[in-house]
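Some notes on the structure that comes next.
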């Protein structure tokens, strides 16, 4: 078996990044983002990146890092409300932005990874999202055509991996990562823990290793929390 | 004496039926979870990939890998399940969710909803809202009846870019409940908040409804 394990994020990115490339980056908000690979991508100095990600990080963390360095020239996302620098660059027309409804974005990536070039959905009919898209009626209802998405490199974050690249995610940190893993020409996964072959239950693997070409183990995850909401334990 | 936010949320909670799978939007709709009546069993869906969303964690239970669609830390329940975003929106778009309660900037008398952008001013994005209104069986909007500048938010026509066309089934504002029996029909007054008169409601409403 070819070795999928790389010593660190920088070596895992070597040879697959280039100016003008399209990346996918997993995560919902800052939950389940490939924080080590994003930091390493910054250090490569790769420019003119089209980034496909549900969100754009926050100022100084997640994809916000690559927006701060102006390495991203276009974003495809569903919600960018947490990033002030993003809003500033967009309103100043320094950044191209394509909003996709979140379910449409997820399905475009799923379709891209599955070799499906397009599909029809009701989502967005009668809105700005539908402009310029093919409309078609099925059973008396109108749908619009959306196209599949693929990327030159998909960056994903999982909880555990085995050396074959089988991945397991944890709780809501799964989100967009499994679909993105299928839609990268090269998929690089970063994980918190590498386990021995055979120690993951094959019935419980979320992403089969066929989708993962490169693998790194990250150290000291920051896992920043955006909204720390708690309840108070009543004293007994 | 109009309804306050909590009373609006409590009114919305009366629309929940036993066994419903429900998606609550960010902001006032999240308050609905605090008003679920005893004996009514509801499973909350969080579109970032969870069914069976639990309450906020105690300080020592906080888990960065466990958040809701508003990016707030939450907890899991015995019934909870996790899934990826495509599966999450298959639930939404496939018509498997019974009810979604959302906020709005504008609702039109034909059921059009606008709640995702103000051109030139605010570019946050639609997130999952367009999918929810296109796929969920019933859509309830919780909103202030009038904007801060006093403008009616239930209008003859939306002026802002739409989230969905003809998608709203019920509006619960601080002044009244307006609903329509089916999509394609007009809105009717269901209930006035205590102390609100029909004349006052008409004066503060632009869109048409049957009293």
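Here, each number is a calculation from the coordinates, and none is a lab measurement. Keep in mind that what you see is a predicted model, and the values were worked out from it rather than measured. With ideal geometry, Cβ positions are generated from the backbone for all residues, glycine too; neighbour counts draw on all protein chains shown.
Cβ-Cβ distance of residue B:81 and residue B:148, R₀ of 30 Å, FRET efficiency by 1/(1 + (r/R0)^6): the value works out to about 0.15.
Within 10 Å of each Cβ in A:29-37, how many Cβ atoms from other chains are there, averaged over the peptide? Mind showing how you got there, number by number?
Working: counts 7, 3, 10, 5, 0, 0, 0, 0, 0.
Across the residues of A:29-37, the mean count of other-chain Cβ atoms within 10 Å is 3.
Shape class of chain A from the alpha-carbon gyration tensor: rounded, with the ratio a/c of largest to smallest axis under 1.5.
Relative contact order for chain A using alpha-carbon pairs under 8 Å, separation at least 6, rounded to a whole percent?
22
In plain terms, the chain from residue A:11 to residue A:98 could stretch by 28.2 nm, reckoned as 0.36 nm per residue minus the Cα-Cα distance.
What shape does the range B:1-48 take by its C-alpha gyration tensor, where a ≥ b ≥ c are the square roots of the eigenvalues and a/c under 1.5 counts as rounded, a/b above b/c as prolate, and the rest as oblate?
Cα axes put the range B:1-48 in the oblate bin.
Once the Cα-Cα distance is subtracted from the 0.36 nm per residue extended length, the residue A:114 to residue A:128 segment shows a gain of 2.3 nm.
Summarising the label geometry, the points placed 7 Å from Cα in the beta-carbon direction at residue A:222 and residue B:189 lie 5.5 nm from one another.
Residue order for A:11, A:104, fewest other beta carbons within 10 angstrom first, comes to A:11, A:104. Over the residues of chain B, the helix contribution to mean residue ellipticity at 222 nm works out to -4000 deg cm²/dmol, using -39500 (n - 2.57) for each DSSP H run of at least 4. Relative contact order of chain B, taken over Cα pairs closer than 8 Å and 6 or more residues apart, is 20 percent. The calculated FRET efficiency for residue B:18 paired with residue A:231, based on their beta-carbon distance and R0 = 22 Å, is about 0.30.
A crude spin-label estimate for the pair residue A:74 and residue A:210, with each label 7 Å from Cα along the Cβ direction, gives 3.0 nm. Shielding of peptide B:87-99 by partners, expressed as the average count of other chain Cβ atoms within 10 Å per residue Cβ, is 3. At q = 0.14 Å⁻¹, what log₁₀ I(q)/I(0) does a Debye calculation on the Cα points of the range B:1-147 give, no solvent, two decimals? Summing over Cα pairs of the range B:1-147 leads to -0.70. Our note on the geometry: Cα centres of the range B:53-96 and the range A:1-66, 25 Å apart.
To check you understand DSSP bridge types, tell me what percent of the beta bridges within the protein assembly as shown (both residues inside) are antiparallel, rounded to 5. Write down the numbers at each step before the final one.
Values: 32 of 78 bridges.
So the antiparallel bridges in the protein assembly as shown amount to around 40 percent.
Counting every other Cβ atom within 10 Å of each residue's Cβ, A:97, A:167 order from fewest to most as A:97, A:167.
Rounded to the nearest 0.05, what FRET efficiency do residue A:59 and residue A:137 have when you use their Cβ-Cβ distance and R0 = 51 Å? It comes to 0.70.
Taking the number of Cβ atoms within 10 Å of each Cβ as an exposure proxy, the fewest-first ranking of B:100, B:80 is B:80, B:100. Using a cutoff of 8 angstrom between alpha carbon atoms and counting only pairs six or more residues apart, the relative contact order for the range A:1-90 works out to 25 percent.
One chain, two ends: residue B:5 and residue B:40. Fully extended at 0.36 nm per residue, the span grows by 10.5 nm beyond their Cα-Cα distance. Peptides A:215-223, B:120-128 ranked from most to least packed, by the mean per-residue count of other Cβ atoms within 10 Å: B:120-128, A:215-223. Modelled spin labels at residue B:156 and residue A:42, positioned 7 Å past Cα toward Cβ, are 5.3 nm from each other.
Across peptide A:71-82, the average count of Cβ atoms from other chains found within 10 Å of a residue's Cβ is 3. Annotation: the antiparallel percentage among DSSP beta bridges lying fully within chain B is about 55.
Peptides B:42-55, A:137-150 ranked from most to least packed, by the mean per-residue count of other Cβ atoms within 10 Å: B:42-55, A:137-150. Axis of helix A:102-113 versus longest Cα principal axis of chain A: the two differ by about 70°, to the nearest ten degrees. Taking a ≥ b ≥ c as the square roots of the eigenvalues of the alpha-carbon gyration tensor, the range B:1-80 is classed prolate because a/c is 1.5 or more and a/b outweighs b/c. For the range B:96-199, the antiparallel share of DSSP beta bridges with both residues in that region comes to about 60%. Find how many whole Å separate the alpha carbon centroid of the range A:162-236 from the alpha carbon centroid of the range A:100-152. Spelled out, the Cα-based centre of one part sits 27 Å from the other.
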